[in-house]
Amino acid sequence: MFVETIGTSDIKLSLLDSIIAFGKEAGMEMIAEGVETFEQSSYLAARGVTLQQGFYFGKPMAFRDFAYYCKSMVSR
């Protein structure tokens with residue numbers, strides 16, 4: 001998706017909105033990659049794109065580190 005355009009380019013943003021609308025109409029589950037800001041995450045979530053990944057949520061990590069991270073989040 002064109003996540004980096006959120007908040008910067010109206011033309012590309014309309015393309016992103018069209019991609020999201022097409023995906024919904026086709027019954028697709030969409031994943032947004034490259035989410036780096038709260039604004040991007042909120043914009044996508046408001047349009048039903050709840051599966052997101054990117055530096056906003058955390059840096060890349062090895063699987064064993066991810067497993068530890070998940071366990072620590074559950075115990076909170």
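So LEU15 fits all but one of (1) modelled with pLDDT of 95 or more; (2) over 9 Å from the mean Cα position of the chain (by Cα); what number is the exception?
LEU15 satisfies all of (1) modelled with pLDDT of 95 or more; (2) over 9 Å from the mean Cα position of the chain (by Cα) except (1).
Inside the range 54-76, can you point out the residues that are among the polar types (S, T, N, Q) and either outside any helix (DSSP H, G or I) or in contact with a helix residue (DSSP H, G or I) (Cβ under 8 Å, 6 or more places away or on another chain) (or both)?
Answer for the range 54-76, where residues must be among the polar types (S, T, N, Q) and either outside any helix (DSSP H, G or I) or in contact with a helix residue (DSSP H, G or I) (Cβ under 8 Å, 6 or more places away or on another chain) (or both): just SER75.
Restricting the first residue to the range 55-74 and requiring it to be free of Cβ contacts under 8 Å to residues at least 40 places away in the same chain, which pairs with a second residue that is part of a helix (DSSP H, G or I) and aromatic (Phe, Trp, Tyr) meet a Cβ separation below 8 Å and a spacing of at least six or different chains?
From residues that are free of Cβ contacts under 8 Å to residues at least 40 places away in the same chain, the pairs are TYR56/PHE38; GLY58/TYR69; MET61/TYR69.
Every residue in the range 1-45 that is surrounded by fewer than 16 Cβ atoms within 10 Å (Cβ to Cβ), in contact with a strand residue (DSSP E or B) (Cβ under 9 Å, 6 or more places away or on another chain) and in a loop (DSSP other than H, G, I, E, B), please.
GLU29, GLY34, listed by residue number.
The values are calculated or read from the model by the stated rules, or taken from the named source; none is laboratory data. It should be emphasised that the depicted structure is a prediction, and the values quoted were computed from it without experimental measurement. No Cβ is skipped: glycine too gets one built from the backbone with ideal geometry, and neighbour counts run over all protein chains shown.
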